[in-house]
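Since every read-out is calculated from the coordinates, none of them should be taken as a lab result. Everything numeric here is computed off the predicted structure, so don't read it as measured data. FYI the Cβ positions are ideal-geometry reconstructions off the backbone, even for glycines, and counts take in every protein chain you see.
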Amino acid sequence: MKTSSVNRSLLAFIFFMTGLQLSAHLLSSGTLSGSLRDGDTKEPIPHTSVVLLRATDHRFAAAGTTDAQGNFHFRKVPIGEYVVKTTVLGYQPQQPTIALRALHNRHQMGVLTLRSSSTQPTVTGSRNASAVARQVEVKPAAGKPAA
């Protein structure tokens, strides 16, 4: 009888420790999700890179891509503060900061609305290609007549 109660106590202790380890693991990481939309048309922005950077030093933490509906989802993100960096050609970049905490480890960002860039890139230069080509003079090699 004594061995039975010792076995039960040992088994209960093992289950208790396993539960603690599992809960510590679940509380040490979290999830982050949201979606990207065009600010003018409200349409989703699909297949776009979303990067998580640590807020303290801007080091890379994770990267993902939006799906066809513009949604993104990160799993197993360590607890901490992050900058969510979205860079889409033709849109102003977004970099909101979020915090994942031990008891609040699921963060739903909602809709991130990206505004289109108002300025178009310009190419500057003092000479065009034909002007540069006219300035090149071809000299014959020494001792050889020009063709």
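Between L89 and H73, 0.36 nm times their residue separation minus their Cα-Cα distance comes to what?
3.6 nm
I'd like the FRET efficiency for Q108 and S9, computed as 1/(1 + (r/R0)^6) with the beta carbon distance as r and R0 of 30 Å, rounded to 0.05.
Efficiency, rounded to the nearest 0.05: 0.10.
What is the dipole size for segment 30-114, taken about its Cα centre, with +1 at each Lys and Arg Cβ and -1 at each Asp and Glu Cβ, in debye to the nearest 20?
Charge dipole, segment 30-114, about its Cα centre: 360 debye, nearest 20.
Can you sort L114, L89 so the residue with the fewest Cβ neighbours within 10 Å comes first?
So the ranking, lowest neighbour count to highest, is L89, L114.
On the principal axes of its Cα set, how long, how wide and how thick is segment 30-114? Give whole Å, largest value first.
Cα spread of segment 30-114 along its principal axes, largest to smallest: 37, 23, 16 Å.
Could you sort 60-69, 76-85, 30-39 so that the peptide with the highest average Cβ count within 10 Å comes first and the rest follow in order?
Final packing ranking: 30-39, 76-85, 60-69.
For E43 and D57 in one chain, what is 0.36 nm times their gap in residues minus the Cα-Cα distance, to one decimal in nm?
The E43-D57 span can extend by a further 1.7 nm.
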